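Q: Dropping a structure here in structure tokens format, bear with me for questions.
The values are calculated or read from the model by the stated rules, or taken from the named source; none is laboratory data. What you see is a predicted model, and the numbers here were worked out from it, not measured in a lab. Virtual Cβ from ideal backbone geometry, glycine too; neighbours counted across all protein chains shown. We work out accessible area using only protein heavy atoms, side chains counted, and drop any ligands, DNA or RNA first. Shrake-Rupley method; radii C 1.70, N 1.55, O 1.52, S 1.80 Å.
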Amino acid sequence: MRKYFAFNIWDIESAKAIIDAGVILEHPVLLQTSARVFAGLDQELFLTHIKGYAARRGIEAFIHLDHCRDKELLFQAIESGWDSVMIDASDLPLADNIKLTNEITQIAHRKNVRVEAEVGHIKKTDDYMDEKTIAVADMDDIKEFLHHTDVDLFAAAIGTAHGLYKGTPVIHHEMIDQVAELTDIPFVIHGGTGLTDDEFRRLLQHDNVRKINISTEVKQAYRIGILRSIDAGLIKAETGAGFEATKVEKIIYEEIKAMALHKMSLL
């Protein structure tokens with residue numbers, strides 16, 4: 001089974017940049033939408049554009065609904081043709097997490113949609129004083145969850161967090177190995193932005209690590225593209241006369257594509 005970096009996107013243009021990086025490396029791509037982005041999409045049209053563009057470029061693109069707690073949105077994604085969904089009930093008591101995960105899994109599997117779930121709520125970096133205080137999941141909870149669910153991908157709090165790290169996170173690699181001893185279900189790493197290439201390589205050495213999420217860094221690449229455009233004189237504070245929209249979009253595309261290409265080359 002392949003390993004993937006999963007990139008959060010918000011429109012067709014950001015998706016095309018990731019897909020084109022995959023074309024260069026001849027590697028299928030895994031694209032994610034947040035629940036907020038998903039709710040604002042024309043979902044069927046979006047899916048048609050993404051799948052169609054990837055097919056024309058000669059690679060496969062999978063689309064995943066990331067971190068969703070809203071059952072109605074999960075049902076919409078399952079019905080709309082998303083390849084996989086994440087039911088994130090990790091902030092609930094374990095029994096409730098298991099119950100809700102099973103409810104979604106039963107419905108998703110009838111449509112051949114894969115399900116990701118999480119134990120040990122992976123929070124944002126802003127929720128912690130520093131990387132040393134980032135909470136990790138309890139192994140007994142992980143064992144209980146895996147025993148009573150039938151998920152296709154599994155995530156757990158192992159020392160990473162969403163957002164920009166203030167320092168260097170302490171990743172509990174031994175927990176990844178312990179999960180591998182319990183199950184052959186692919187393990188998902190959340191909070192990939194800000195990790196070094198060496199840390200990514202170490203994570204990818206775990207056979208069960210098959211998916212590493214990148215969200216904030218995609219937005220950073222977009223921001224860098226805008227700043228480059230300002231420096232190039234393509235965006236001015238005046239009336240907008242001479243504004244080169246297509247050139248700005250091209251620079252943003254180049255930044256996102258370069259970021260994705262670098263990440264995927266680590267695979």
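Q: Using a 1.4 angstrom probe, figure out how much accessible area the chain has per residue, in square angstrom, rounded to the nearest whole. Present the calculation step by step, with values, prior to reporting the outcome.
A: Working: 13030 Å² over 267 residues.
Ligands and nucleic acids excluded, the figure is 49 Å² per residue.
Q: Using the Kyte-Doolittle scale, which helices in the chain average at least 0.5 and also have C-alpha atoms spread 18 Å or more along the helix axis, with helices defined as whole DSSP H runs? Don't skip to the answer; put the middle values down first.
A: Details: long enough: 12-25 (20 Å, 1.38); 43-57 (21 Å, -0.47); 94-110 (24 Å, -0.34); 216-231 (22 Å, -0.21); 245-265 (30 Å, -0.07).
Long hydrophobic helices here: 12-25.
Q: In addition: Hey, got a sec? Which trypsin sites (Lys or Arg not before Pro) in the range 1-66 land in a DSSP loop and have at most 16 other Cβ atoms within 10 Å?
A: Hits after loop and neighbour filter: Arg2.
Q: Answer with a single label: of (i) 141; (ii) 131; (iii) 121, which was calculated as volume of the Cα convex hull per residue in Å³ from the structure in view?
A: It is the one labelled (i).
Q: What is the percent carbon and sulfur in the accessible area of the chain, measuring with a 1.4 Å probe over the protein chains and ignoring ligands?
A: Working: 6470 of 13030 Å².
Of all accessible area on the chain, carbon and sulfur atoms account for 50 percent.
Q: Could you work out how much longer the chain between Glu144 and Glu254 gets when fully extended? Use 0.36 nm per residue separation minus the Cα distance between them, nm to one decimal.
A: Numbers: separation 110, 0.36 × 110 = 39.60 nm, distance 4.48 nm.
Using 0.36 nm per residue and subtracting the Cα-Cα distance, I get 35.1 nm.
Q: Okay, moving on. Can you compute the helix-only [θ] at 222 nm over the chain? Use -39500 (n - 2.57) per DSSP H run of at least 4 residues, normalise by all residues, nearest 500 deg cm²/dmol. Could the numbers behind the result be given before it?
A: Details: 10 runs with 126 residues, N = 267.
One gets -15000 deg cm²/dmol as the mean residue ellipticity at 222 nm.
Q: With the contact rule set at Cα under 8 Å and sequence spacing of 6 or more, what percent relative contact order holds for the chain? Before the final figure, lay out each step's value.
A: Numbers: 468 pairs, mean separation 51.6, N = 267.
So the answer I get is 19 percent.
Q: Looking at the range 1-158, how many pairs of lysines come closer than 16 Å at the Cα, when each pair is eight or more places apart or spans two chains? Before the final figure, lay out each step's value.
A: Numbers: Lys16/Lys51; Lys71/Lys99; Lys71/Lys111; Lys99/Lys143; Lys123/Lys132; Lys124/Lys132.
Total qualifying Lys-Lys pairs in the range 1-158 comes to 6.
Q: Quick one: if you take sqrt(5λ) for each eigenvalue of the C-alpha gyration tensor of the range 1-126, what semi-axes come out, biggest first, whole angstrom?
A: Numbers: eigenvalues 136, 48, 37 Å².
Its equivalent ellipsoid spans semi-axes of 26, 16, 14 Å.
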